[in-house]
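Below is one structure; the comments refer to it alone.
Values quoted throughout were computed directly from the atomic coordinates according to the rules given, and no laboratory measurement underlies them. Note that the coordinates shown come from a computational prediction; the quantities given were computed from them, not determined experimentally. Quick reminder, even Gly has a Cβ in these numbers, built from the backbone with ideal geometry, and neighbours come from all protein chains shown.
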Amino acid sequence: MKIVVCIKQVPDAKTVRFDTEKGTLVREGVEAVINPFDLNAIEAGVQLKERHGGEVTVVTMGPPQAEEALKEALALGADNGILLSDRAFAGADTLATTYTLAKAVERLAPVDLVLCGKQAIDGDTAQVGPGLAVRLGIPYVTCVSGLSFGDDQKTLRLKRSCEEGYDMVEVEIPALLTVLATINTPRVPSLKGKLRAKKARIPIWSADDLGADHGMIGLAGSPTQVVSTSVPKFEAKREMLQGTPEEQVDALLDRLEEAGIL
Amino acid sequence: MAKVNYFLSEEQQMIVDLTRQIAEEKIIPVRAELDKTEEFPWDIMKDMAQADLFGLYIPDEYGGLDGGCFENCLAVEQLAYGCVAVTTTFAASALGGYPILLFGSEDQRKQYLPDIAAGKKLVAFGLTESNAGSDAAGIQTSAVEDGDYWVLNGTKQWITSGGEAEIYTIIAMTDKHKGPRGASAFIVEKGDPGFSFGKKERKMGLRASSTRELLLNDCRIPKERLLGRRGLGFIIALKTLDLARPGIGAIAVGLAQAALDQAVRYAKERIQFDQPIISFQAIQHMLADMATEIEASRALVYSVARTIDSGEKDIAKLSAMAKLYATDAAMKVTTDAVQILGGYGYMQDYPVEKMMRDAKILQIYEGTNQIQRNVIGQALNKEYAKK
Ligand SMILES: Cc1cc2nc3c(=O)[nH]c(=O)nc-3n(C[C@H](O)[C@H](O)[C@H](O)COP(=O)(O)OP(=O)(O)OC[C@H]3O[C@@H](n4cnc5c(N)ncnc54)[C@H](O)[C@@H]3O)c2cc1C
Ligand SMILES: Cc1cc2nc3c(=O)[nH]c(=O)nc-3n(C[C@H](O)[C@H](O)[C@H](O)COP(=O)(O)OP(=O)(O)OC[C@H]3O[C@@H](n4cnc5c(N)ncnc54)[C@H](O)[C@@H]3O)c2cc1C
């Protein structure tokens, strides 16, 4: 089984400061770490490999220093790392990021499973996973907090957590999952892994290596403009319907009628 | 802030970073609970195994990382920053493993070291008995040859990881009349006939480490379990302790550093008489002494460990100095840390009272600090006689 894990380097939440005047993160002098959810994605990939065999390739798009993140992933049990780095990638929004990542995954084809973190703790959009799956034309499941393979080694049984409870979902590979922190506890890196990682040479793929359309990457491929940011307020009413499916449907019809929708 | 440059290699820095990560992520969050429940830290041992730490001092050919005394010191210093009890469990495995590494036959090394390096099996070191502590030559446990077997009888006391470890290196008398040349070292395995465990001690500190009796009741082990040669028992024990003692010094450095960090942070935050207590010179001077003694301890421990790794054989005095100085400093530093935190320091809500309780053991085990002074004194006496 070939597994690709997408990881992002983010400012260390322990050392990061916030410029309240500008409303931005102060990135200077801040240590970069692997996005916490991506550590869970790596662990999920390595556990699958340990159980079912295969290979875990970790991919990141970022500046040359992002090589550190890939080396750390190797120390955590990944087999290969690939750095997507090119001045032309700079300024990418989620649209351009997913395009670039998709090009890389296609270059690694055939890939059985793509794993992403639920969201990056700096950008925070949670769009890259789903966007990448759409570009690859494969199904995706977000917010996965548990997974196991069916006997056919083709169907993944997933626990998908939502605000009140969870869904059990099945999906056939190839597929993309975004994972939550609750899916596992990332292992500590091993010294042998770290030594191996130190010596490892991480290939760097440029825009041309990917055969990327220069209009689709970096600033040129990024129509998003961040006008302002705010924390959304949850004001909507929520209600869980109980009982047998029939009772729940009846209750739902009542509610819709009450609301004047039916 | 400038730090003393100890010229660590990239690999050594890696060991420091990784063990610090384990201390912060895996040990510190649970140390108070482990201290309360006296639970054996199996989960953390598994993390350490996964991180390859148990193989640090073991040669490559047996699955280890080929490190030396210094690498081991770097690791235990950072682990002890988290918890001395957990670190003692880790370090005791090396104490039990060194005799096999140093004196084991090729067959014994091949059989035991790979599992030890992989952290699959913990090791314990059994020398002390109820009537033989500092005076190790007074041990009563006996080993008698019987055909293809050795038969061991006796009771070992206060053995770290007793009951939890799979492998035990045991010192027993083979020829009582030969005195110091009358002891031998053996490998005993959990499950050997006649081998069982006695009472588990309840302790002032070091509570997550298991300290237990080993009961040898006509314990019958194959002949090939003798380590080195018959009669080498005390030499094996002494060489092992010489190699391990800088590690106890390093544990002391890590512990003292943790106590200092707590004390400085607290002193900056605690307001009395309308000012942070760190503004009082009395407090500053205490902190200054603590920081200085920690750095001096670290410098001594590191230098001794590196001297050992350079191949120096006559290490008894140096390694006793590293243990003595750093552990006395840790006792003083942790006591002062409690003082700086005042009544809060005495409460279990803060970690420094545990640090002070844990510090005490470092002055006692692997040879009391009086015995370290004896070793240093005797070495001086010999050195100056030559001149
Ligand atoms: C310095 C800087 C400037 C930026 N400027 C802009 C801007 O001008 N306009 C704009 O719209 N956005 C901008 N961004 C945000 C940037 O577009 C997003 O950070 C990026 O597209 C990923 O989105 P996200 O962080 O929300 O990730 P999410 O969608 O929250 O991440 C989910 C998962 O996707 C994967 N993933 C995310 N990013 C990567 C990556 N680079 N490589 C591999 N896997 C990845 C990881 O698995 C991650 O857990 C900027 C970011 C930075 C750091
Ligand atoms: C928690 C714990 C874990 C331990 N783990 C192990 C282990 O894994 N394996 C093992 O074999 N042992 C272990 N020990 C035993 C430990 O090494 C001994 O406790 C230590 O060597 C001291 O022996 P003792 O306690 O019998 O003290 P004693 O020898 O009775 O000493 C009592 C006091 O007299 C002093 N004293 C004794 N002789 C002299 C002298 N000649 N000159 C000056 N002062 C002297 C001592 O310094 C001490 O202050 C452990 C002990 C403890 C408490």
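Just a few scattered comments:
- Charge dipole of chain A (Cα centre as origin; +1 on each Lys and Arg Cβ, -1 on each Asp and Glu Cβ, all else neutral): 1360 debye, rounded to the nearest 20.
- Selection from B:Gly163, B:Phe125, B:Thr211 lying farthest towards where the dipole of region B:123-230 points positive, charges on Cβ: B:Thr211
- Within the listed set A:Thr100, A:Thr142, A:Thr185, the Gaussian network model of chain A (springs between alpha-carbon atoms below 10 Å) gives the highest mean-square fluctuation for A:Thr185.
- Counting only DSSP beta bridges with both residues in the protein assembly as shown, the antiparallel share comes to about 65 percent.
- Ascending count of other beta-carbon atoms within 10 Å, so fewest first, for A:Cys6, A:Cys162, A:Cys143: A:Cys162, A:Cys143, A:Cys6
- Cβ neighbours within 10 Å from other chains - mean over B:18-26: 2
- Net charge of Cβ neighbours under 15 Å - reference A:Ile261; Lys, Arg +1; Asp, Glu -1: -2
- Note on chain B: GNM, Cα springs under 10 Å; of B:Met347, B:Met321, B:Met355, the largest mean-square fluctuation is that of B:Met347.
- Chain B shape via C-alpha gyration tensor axes, a/c threshold 1.5: prolate
- Number of partner chain Cβ atoms within 10 Å, mean per residue of B:42-53: 3
- Span-like helix ranges in chain B, DSSP H, alpha carbon extent 27 angstrom or more, Kyte mean at least -0.5: B:84-103, B:233-269, B:281-309, B:316-346
- Dividing the helix sum by the residues of chain A, where each DSSP H run of 4 or more adds -39500 (n - 2.57), gives a mean residue ellipticity at 222 nm of -8500 deg cm²/dmol.
- Helix-only mean residue ellipticity at 222 nm for chain B, each DSSP H run of n ≥ 4 adding -39500 (n - 2.57), per residue, nearest 500: -17500 deg cm²/dmol
- Across chain B, the relative contact order, built from alpha-carbon pairs under 8 Å that are at least six residues apart, equals 16 percent.
- About its Cα centre, region B:230-274 has a charge dipole of approximately 280 debye under the convention of +1 per Lys or Arg Cβ and -1 per Asp or Glu Cβ, with nothing else charged.
- The mean number of partner chain beta-carbon atoms within 10 angstrom of a residue's beta-carbon across peptide B:61-68 is 1.
- Residues considered: A:Thr97, A:Thr155, A:Thr178. Largest GNM mean-square fluctuation over chain A, using C-alpha springs under 10 Å, is found at A:Thr155.
- Taking amide hydrogens as placed 1.01 Å from N in the peptide plane, the amide H of B:Ile58 sits under 5 Å from those of B:Leu65, B:Asp66, B:Gly67, each at least 5 positions away in sequence or on another chain.
- Highest mean packing comes first when the peptides A:68-79, B:306-317, B:33-44 are listed by Cβ atoms within 10 Å, giving A:68-79, B:33-44, B:306-317.
- Viscosity 1.306 mPa s, temperature 10 °C, Stokes-Einstein D of region A:2-221 from Kirkwood C-alpha radius, µm²/s: 90
- Relative exposure of B:Asp349, B:Asp336, judged by other C-beta atoms within 10 Å (fewest first): B:Asp349, B:Asp336
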